[in-house]
1. Using 0.36 nm per residue, how much length does the chain from residue 74 to residue 108 gain when fully extended, once their Cα-Cα distance is taken away?
2. Give me the distance in nm between label points sitting 7 Å out from Cα along the Cα-to-Cβ direction at residue 61 and residue 118, one decimal.
3. Compute the FRET efficiency between residue 82 and residue 144 as 1/(1 + (r/R0)^6), taking r as their Cβ-Cβ distance and R0 = 35 Å, and round to the nearest 0.05.
Amino acid sequence: MFRNTLPRWAVLALLVASPITTGATLAISDSDKQFGHSDYYGPLTPTQVFSLMQSVDALVTHYATHQFPERSAWLPTRQITVENYRPEDVFVALSRLSDLVDQLALKHKVRPTHRIERERDLAIPAEVFLQAGECLDTLALVMNSLSPDEVFGDFYANNSDSKKQNKTPSDVFALVDLIVRKLNTLLSEERSTDE
């Protein structure tokens, strides 16, 4: 289980994302029921995961601009529209993303991305959120290894634009897919540079 290994950012994010209640029970909205409610984490929705993935995307773009300024304009920018995806589909996509982030981590001598384990057979938004955060943490460490004097806390800020709309797992999957394609392009460029 991952309950005892939560990074500090996750604890803070969960405190900010979860309403403080004085009663013994939490009111669970229909949206929370639709995507899954964790007794331990409370309701975390695809909209919150999408906001976190926007931060991951921004950090990948920052990495590209830092490492390959003349090639960063070549990165994919268009999301592929998908429908009827579930949190489990996003969790699997984040596993692929974590593998790519680990390739960068290895190159820059940074610890690999921690893998979140599912509590049940299928992932719930809380687990998707935590895995997305682990990707963000590792990318921030990679950037810190390249620019130790630069501060990367702004990449952990909530993206208010995404909170104006209710996002679905399909929206999150499309963004994860875009980031995977960006990282594949960057890693291919790095391999050709290293040869």
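1. Working it through step by step, the gained length comes to 10.0 nm.
2. Going from the residue 61 label point to the residue 118 one covers 3.2 nm.
3. The pair residue 82/residue 144 has a calculated efficiency of 0.60.
Bear in mind that the values in this text are calculations on the coordinates, not laboratory data. Given the structure is predicted, the values throughout are model-derived calculations rather than measurements. Counting neighbours? That spans all protein chains shown, and the Cβs are built from the backbone with ideal geometry, glycine included.
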